[in-house]
Amino acid sequence: MWLPERMKFGIFLGPFHRVGENPTLAMDRDLELIQWLDYLGFDEAWVGEHHSAGWEIISSPEMFIAVAADRTRHIKLGTGVISLPYHHPFMVANRMVQLDHMTHGRVMLGVGPGALPGDAYMMGIDATTQRARMDEAMGIILRLFAETEPLTYKSEWFELNEALLQIRPYQRPYMPLAVASVQSPAGVALAGKYGAAVLTITTPRDPSAGGADLKGLWTIAEQSAAEHGQEVDRADWRLVLPVHLAETRKEALHQARLGAGHYQREYFERTMGRAQMIDGPLDKVIDGMVERGAWIVGTPDDCVAGIKRLAEQSDGFGGFLVQTVDWAPREAMLHSYELLARYVMPQFQGSAVGTAASNTWAYDRREVLMAGRARAIDHARQSYAQRHAVS
């Protein structure tokens, strides 16, 4: 099992807000969350694109990122993801290069075929063409980033006539590139083809489908990379999982219990039409999903253990992203990320190694050090007494 010396931590912001919530306030809260993560030292935030179903209400991750970048200082911001079949590749390339400059190199390009069937249906896009179009668009976008000669290209769904970007990417040769993979081989194969990072959304699957073969997915990425003369790096592989933490496991489960039940029942099962994962009442859903390892809900120690289990299941990865779900009271959610930053991230980034070593050193020498302290105090008392005796 391999783990990086410093694992990246961040969020994958769909976002998920229960239908009926004020969308204006929801987006404000999403921006507030990214500001909080920037303060806490998280590495990155990936922002999704969706156009239907009522839960994931950000339709333009680029616009959202532009505002978030202006309110933050350090955190990197990625499109998680732009659904390439929905857009002309020339426009995607131009928008991302502009963001790259406006953020001074803090932007990342995440791409996918489009996750919600309703989005493609509304635009009259044949679902069977989406992955092939994503591949085609991705190749064109990378050529636009890298080439300085005008590009002419004719496709059945877009056309370029001597296309040339006015400005080059701020990051060279271009911003970091990632491909979404929702437990199918298509995403990792495409990532391998272009030498891109992988964002694996480890969402629960139908009971009949079995668990995700994380090791197998990465093998496909490596094979695809080899076939196309590319390389992929586990350090750039992010795994995505819902997480909620509190000081005790009981408290964490209590805080997210009803919200998690609504999320699973109302989004995955009722809205998306997926098979029921957990039998029983709404308030028991969270227990079943945590037991399956589909969610991490508990203490920071539970989160550390969960990340280590993912490392064993995958043979190693380089980034852990929390899939944001509005399933607990606001202050509890913000506190969950604080606990993750304080107690989980140091275990995988080495930031507490020095303090732990120093503490061990002091403990191992406590008798000698305390004896020296006692001698120093005794000496000071004697010196004081002698000075006052003379006076």
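Bear in mind these aren't lab numbers, they're just calculated from the coordinates by the rules spelled out. Values in this document were obtained by computation on a predicted structure and should not be read as measured data. Ideal geometry is used to build each Cβ from the backbone, glycine not excepted, and the neighbour counts take in all protein chains shown.
Key figures
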| read-out | value |
| --- | --- |
| Packing-based exposure ordering (other Cβ within 10 Å, fewest first) of 125, 278 | 125, 278 |
| Within the range 5-98: Cβ-based charge dipole about Cα centre, in debye rounded to nearest 20 (Lys, Arg +1; Asp, Glu -1) | 120 debye |
| Answer label, with percent of Cα pairs over 33 Å apart calculated from the coordinates and candidates (1) 36; (2) 42; (3) 30 | (1) |
| Test item: Cα-centred dipole of the range 53-149, Lys/Arg +1 and Asp/Glu -1 on Cβ, debye | 340 debye |
| Relative counts (whole %) of C-alpha pair distances in the range 268-358, using bins that are 10 Å wide | 13, 39, 33, 12, 3, 0 |
| Dipole of the range 121-248, positive direction: furthest Cα of 130, 182, 240, with charges on the beta-carbon | 240 |
| Given the chain, longest segment not containing exposed loop GluC sites (Glu not before Pro) (DSSP; at most 15 other Cβ within 10 Å) | 248-391 |
| Filtered chymotrypsin sites (Phe, Trp or Tyr not before Pro), the range 244-296: DSSP coil and at most 12 other beta carbons within 10 Å | none |
| Size of electric dipole in the range 282-391: Cβ of Lys, Arg +1 and of Asp, Glu -1, about Cα centre, debye, nearest 20 | 840 debye |
| Alpha-carbon centroids, the range 106-140 and the range 62-96: separation in whole Å | 15 Å |
| Spin-label proximity, residue 369 to the range 329-360 - amide N less than 18 Å from point 7 Å beyond Cα toward beta carbon | 352-360 |
| Options 94, 384, 142, ranked by Cα towards positive dipole end of the chain, top entry (Cβ charges) | 384 |
| Gain on full stretching of the segment that runs from residue 362 to residue 40 - 0.36 nm per residue minus C-alpha separation | 113.0 nm |
| Longest segment of the chain lacking trypsin sites (Lys or Arg not before Pro) that sit in a DSSP loop with at most 12 other Cβ atoms within 10 Å | 74-364 |
| Span from the the range 278-300 Cα centroid across to the the range 1-57 one, whole angstrom | 21 Å |
| Cα shape, the range 60-193, gyration tensor, a/c 1.5 rule | oblate |
| Reachable lysines from residue 8, criterion Cα separation under 29 angstrom, eight or more residues apart if same chain | 76, 193, 215, 250, 308 |
